[in-house]
Amino acid sequence: MPSPKYRRILLKLSGEALMGNDAFGINRETVIKIATQIKEIADIGVQIAIVVGGGNIFRGLAQSAKGMDRATADYMGMMATVMNALALKEAFENMGVPARVQSALSMQQIAETYARPKAIQYLEEGKVVIFAAGTGNPFFTTDTAAALRGAEMNCDIMLKATNVDGVYTADPKKDPNAQRYQTLSFDEAISKQLKVMDATAFALCREQKLNITVFGIFKEGALKRVVMGEDEGTLVSC
């Protein structure tokens with residue numbers, strides 16, 4: 001059997017990915033489907049770090065936070081990511097996949113506080129490490145947290161899971177002639193104004209030479225095809 005192209009990955013999951021067809025919250029069936037895809041690559045020896053968002057429960061910039069102090073709203077969003085991380089951890093452990101949650105905010109009763117050496121040790125032991133609470137600071141997105149943790153963990157690549165199977169020339173839901181980019185450079189993504197992720201996260205990935213693949217998490221087998229180096233999603237590289 002061919003070996004995976006990437007030994008260690010950072011997977012960025014949005015909170016919305018965990019909703020399934022629900023209007024908000026955590027859809028257990030969807031969480032299990034996502035965890036099953038991740039288990040598939042864990043079983044072939046890929047080391048997996050995950051940063052999960054919280055937009056399915058609370059988002060600091062959402063309408064629900066209107067009129068709130070921005071920092072307070074962002075801290076609430078960070079706590080939402082911890083709930084999502086615990087849901088993922090429980091799904092992994094029910095499948096026999098060892099997993100650990102590390103939080104950028106101190107919540108010792110339910111999650112370890114983030115510690116880089118310990119996280120790297122867990123990855124080397126074959127455990128899935130789920131990073132919660134973003135960077136632990138307001139005004140930064142979970143995209144930025146993913147770029148930061150990906151660089152800190154010495155990941156080979158960041159995989160951004162979306163509901164679209166790559167980056168397109170236009171919105172494929174609105175334009176039937178939209179074409180998927182197989183590869184892009186960071187410079188091309190900037191010049192074409194393609195919003196791969198927020199500007200801070202994108203700049204950090206570019207600076208650290210951490211390539212990004214954008215792919216569809218709900219496309220059957222897509223995650224495994226990406227880590228095997230097949231033509232799946234869009235690779236943004238230096």
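The values are calculated or read from the model by the stated rules, or taken from the named source; none is laboratory data. If you're wondering where the values come from, they're calculated on a predicted model, not measured in any experiment. Don't worry about glycine lacking a Cβ; one is built from the backbone with ideal geometry, like all the others, and counts go over all protein chains shown.
Scanning the range 182-215 for residues that are more than 16 Å from the chain's Cα centre (by Cα) and touching a residue at least 60 places away in the same chain (Cβ under 8 Å) returns a single hit, GLN208. In the range 1-28, the residues that are touching a residue at least 24 places away in the same chain (Cβ under 8 Å) and closer than 21 Å to MET197 by Cβ form Cβ pairs under 7 Å with partners that are surrounded by 17 or more Cβ atoms within 10 Å (Cβ to Cβ) and of a type in the set (D, E, K, R), at six or more places apart or across chains, as follows: TYR6/ASP156; ARG8/ASP156; ILE9/ASP156; LEU10/ARG149; LYS12/ASP143; LYS12/LYS160. Exactly one residue among PHE131, PHE218, PHE139 is assigned to a loop (DSSP other than H, G, I, E, B), within 30 Å of ASN21 (Cβ to Cβ) and touching a residue at least 24 places away in the same chain (Cβ under 8 Å), and that residue is PHE218.
MET83 meets all of the listed conditions (1) surrounded by fewer than 17 Cβ atoms within 10 Å (Cβ to Cβ); (2) modelled with pLDDT of 95 or more; (3) under 16 Å from GLY15 (Cα atoms) but one, namely (1). Taken over the range 124-146, the criterion of being surrounded by fewer than 21 Cβ atoms within 10 Å (Cβ to Cβ) and under 22 Å from ALA91 (Cβ atoms) is satisfied by GLU125, GLY126, LYS127. Apart from one condition, LEU184 fits all of (1) surrounded by 20 or more Cβ atoms within 10 Å (Cβ to Cβ); (2) more than 27 Å from PHE92 (Cβ to Cβ); (3) in contact with a Pro (Cβ under 7 Å, 6 or more places away or on another chain); (4) not charged (D, E, K, R); the exception is (3). Of everything in the range 215-238 that is touching a Ser or Thr at 6+ places or on another chain (Cβ under 6 Å) and closer than 16 Å to ILE34 by Cβ, the residue that is surrounded by the most Cβ atoms within 10 Å (Cβ to Cβ) is GLY233. If the condition is being farther than 28 Å from ALA71 by Cβ, in contact with a Lys or Arg (Cβ under 9 Å, 6 or more places away or on another chain) and in a loop (DSSP other than H, G, I, E, B), then the range 91-128 contributes MET95, GLY96, VAL97, PRO98, LYS127. Just one residue in the set GLY45, GLY55 is at pLDDT below 95 and closer than 22 Å to GLY150 by Cβ; that residue is GLY55.
Take the range 12-31 and flag every residue that is farther than 13 Å from LEU159 by Cα and part of a loop (DSSP other than H, G, I, E, B). MET19, GLY20, ASN21, ASP22, ALA23, PHE24, GLY25, ILE26, ASN27, listed by residue number. Of the residues ILE34, ILE9, ILE48, the single one that is in a helix (DSSP H, G or I), among the β-branched types (Val, Ile, Thr) and within 14 Å of the chain's Cα centre (by Cα) is ILE34. When you look at LEU235, is it at pLDDT 95 or above and of a type outside the set (D, E, K, R), yes or no? When the stated conditions are applied, LEU235 passes them. The set of residues from the range 161-201 being of a type in the set (Phe, Trp, Tyr) and in a strand (DSSP E or B) comprises just one member, TYR168. When PHE58 is tested against (1) crowded, with 17+ Cβ neighbours inside 10 Å; (2) farther than 21 Å from VAL97 by Cα; (3) in contact (Cβ under 8 Å) with a residue 40 or more places away in the chain, only condition (3) is not met. In the set THR144, THR135, only one residue is modelled with pLDDT of 95 or more, of a type in the set (Ser, Thr, Tyr), over 21 Å from THR234 (Cα atoms) and touching a helix residue (DSSP H, G or I) at 6+ places or on another chain (Cβ under 7 Å); that residue is THR135.
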